[in-house]
Amino acid sequence: MKVTVILKENKTDSFTIDSENIFYLDSIITNPKDSKLNEPIVRHNIFDFLSSKENFKLCPNSLAVDFANISMAVYSIDQTANREKFGHYGWSRYIELNIPVYNIEKWIGTREQFERTLSFLSGDKWILNFRKCTKPFPSFTISEFRTDKVCLFSGGMDSFIGISDIMSKNDSLATISHHKGGNSGELTTQKELIDLLQKEVKSKEIVPYYFFVQANKNKILLGERTQRARSILFLSLALLVANSSSEKTEVVIPENGLISLNLPLTPARGGSHSTKTTHPKYISLLNEIFDKVGIKNKVVNPYRFMTKGEMFAKTKMPEFVLKYINKTLSCSKPGYYQQWKGEKERQCGHCVPCIIRRSSMYLINKDESQNYVKNVIGSDEKYEDFNAFKIALKRYSTKEKIRLAFQKSGHMNISDYDFKRYVNMYHRGLKEVKKFILQK
């Protein structure tokens with residue numbers, strides 16, 4: 001069953017097609033207050049940053065806006081089109097996007113590669129139909145905003161280490177945070193940690209961008225819990241900021257290699273059943289697309305060959321990071337127990353990120369089970385991800401087995417040397433987890 005998405009160039013855009021299951025959203029340069037759509041599939045505050053008169057005003061070029069519009073459409077339908085309802089055998093969906101772009105020749109030249117990249121990311125079949133914008137690209141007022149680095153900041157342990165490391169050797173930083181509705185605590189955590197870092201590095205400048213983007217469910221789009229394509233939205237928001245600073249400003253993803261590689265812990269989690277939000281193949285494919293269309297800003301992950309424990313051990317601001325590390329939020333479902341079970345704690349303790357987090361803390365005797373709702377160590381309860389890690393320890397008991405599993409991702413534009421570094425890193429990362437989960 002195909003799902004069709006149409007992005008409107010502006011409030012006067014009348015483009016449509018005859019199709020079932022068709023849904024709409026506006027371009028990011030359309031003021032939501034002027035929208036003519038009765039039921040758009042997303043809400044956001046991006047326009048506020050494009051029209052702002054403050055020092056965080058954005059002035060991206062047309063390529064960055066094109067990419068943001070594509071990513072917004074991808075994110076919105078990925079979040080809302082239920083796999084059980086629309087997916088083949090309850091999983092792979094067939095999604096067609098109809099997107100107006102300012103640089104149509106460039107995007108058409110990368111269409112097939114872009115479709116394959118999205119399929120690798122989410123496990124779905126994607127069709128990208130581009131049409132040329134009828135109106136000229138708006139001339140944004142040039143902003144005085146400039147920064148040394150732009151870094152994704154979720155409020156997690158890795159991103160906290162990442163922004164701390166950047167500020168230890170740079171004079172300015174723009175952080176990119178994304179939050180949705182609800183009271184999961186993400187936005188509160190993000191703001192608190194940024195404030196703490198700014199107080200620590202008083203002579204340097206941190207410009208935090210807090211983007212609100214929420215996909216809208218309806219009677220047909222019931223919502224989808226897997227949300228495999230969220231990272232492309234996150235990166236597109238960062239690109240808007242980096243591109244507004246300069247065409248050479250990099251987008252930094254601070255993510256440990258074990259999570260980035262994310263080999264399927266069990267046979268049942270193979271293929272797209274394991275998230276690929278910062279997988280080296282995905283990042284490489286995105287940078288190739290950027291290069292082909294003429295986007296000069298690059299996406300980099302300086303921690304791709306480090307385990308989480310190694311990130312912690314090698315941080316450039318060890319005393320500061322250690323002092324506030326327990327304020328970070330690594331859980332894959334923050335606020336779940338707080339919202340639905342009345343618990344005070346925000347981190348579940350039994351998801352994959354929580355287990356990897358506890359493993360890294362355990363290495364330096366800083367793991368404290370009381371910071372989590374559930375303690376997987378010594379518990380009689382059965383936790384799916386905890387048991388999956390036990391299977392993975394046997395499944396990837398040698399570097400050769402890790403290498404073979406990594407190769408199943410298909411061709412990647414990385415050197416043999418870097419391939420070995422990924423394998424070695426994953427082997428070390430599993431050792432960290434093993435020490436934690438097999439403790440007495």
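The values are calculated or read from the model by the stated rules, or taken from the named source; none is laboratory data. Small disclaimer: the values here were computed from a predicted structure and weren't measured. All Cβ positions, even for glycine, are placed from backbone atoms using ideal geometry, and neighbour counts span all protein chains on display.
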Tell me, which residue of segment 240-255 that is part of a loop (DSSP other than H, G, I, E, B) and not aliphatic (A, V, I, L, M) is surrounded by the most Cβ atoms within 10 Å (Cβ to Cβ)? GLU255
For residues that are within 23 Å of GLU250 (Cβ to Cβ) and either in contact (Cβ under 8 Å) with a residue 24 or more places away in the chain or aliphatic (A, V, I, L, M) (or both), tally how many sit in segment 153-199. 30
Give me the pairs: first residue in segment 361-386 and touching a residue at least 60 places away in the same chain (Cβ under 8 Å), second residue surrounded by fewer than 18 Cβ atoms within 10 Å (Cβ to Cβ) and polar (S, T, N, Q), beta-carbon distance under 7 Å, and six or more apart or on different chains, which are they? ILE377/SER369; ILE377/GLN439
Answer yes or no: is there a residue in segment 262-279 that is over 20 Å from PHE419 (Cα atoms), among the hydrophobic types (A, V, I, L, M, F, W, C) and surrounded by fewer than 18 Cβ atoms within 10 Å (Cβ to Cβ). yes
Matching residues, segment 160-211, being polar (S, T, N, Q), in a strand (DSSP E or B) and out of contact with any Cys (no Cβ under 6 Å at 6 or more places or on another chain): SER172, SER177
Show me the helices (runs of 4 or more DSSP H) entirely contained within segment 281-379 in which 1 or more residues are crowded, with 22+ Cβ neighbours inside 10 Å and of a type in the set (Phe, Trp, Tyr). 308-313
Is there a residue being under 18 Å from the mean Cα position of the chain (by Cα), modelled with pLDDT of 95 or more and farther than 21 Å from LEU239 by Cα anywhere in segment 80-88? yes
Given the residues LEU258, LEU221, LEU237, which is the only one that is more than 23 Å from ILE163 (Cβ to Cβ) and crowded, with 22+ Cβ neighbours inside 10 Å? LEU221
Subset of segment 388-427, residues surrounded by fewer than 17 Cβ atoms within 10 Å (Cβ to Cβ) and hydrophobic (A, V, I, L, M, F, W, C), comes to ILE391, LEU393, LEU404, ILE414, PHE419
Criterion violated by GLU96 - all others in (1) surrounded by fewer than 22 Cβ atoms within 10 Å (Cβ to Cβ); (2) within 28 Å of THR147 (Cα to Cα); (3) modelled with pLDDT of 95 or more satisfied: (2)
When every residue in segment 35-56 that is in a helix (DSSP H, G or I) and free of Cβ contacts under 8 Å to residues at least 24 places away in the same chain is compared, the one nearest to GLU224 (Cα to Cα) is PHE47
With respect to the numbered conditions (1) assigned by TED's automatic domain parsing to the domain that holds VAL251; (2) outside any strand (DSSP E or B); (3) over 17 Å from ALA238 (Cβ atoms), which one is the sole condition not fulfilled by GLN214? (2)
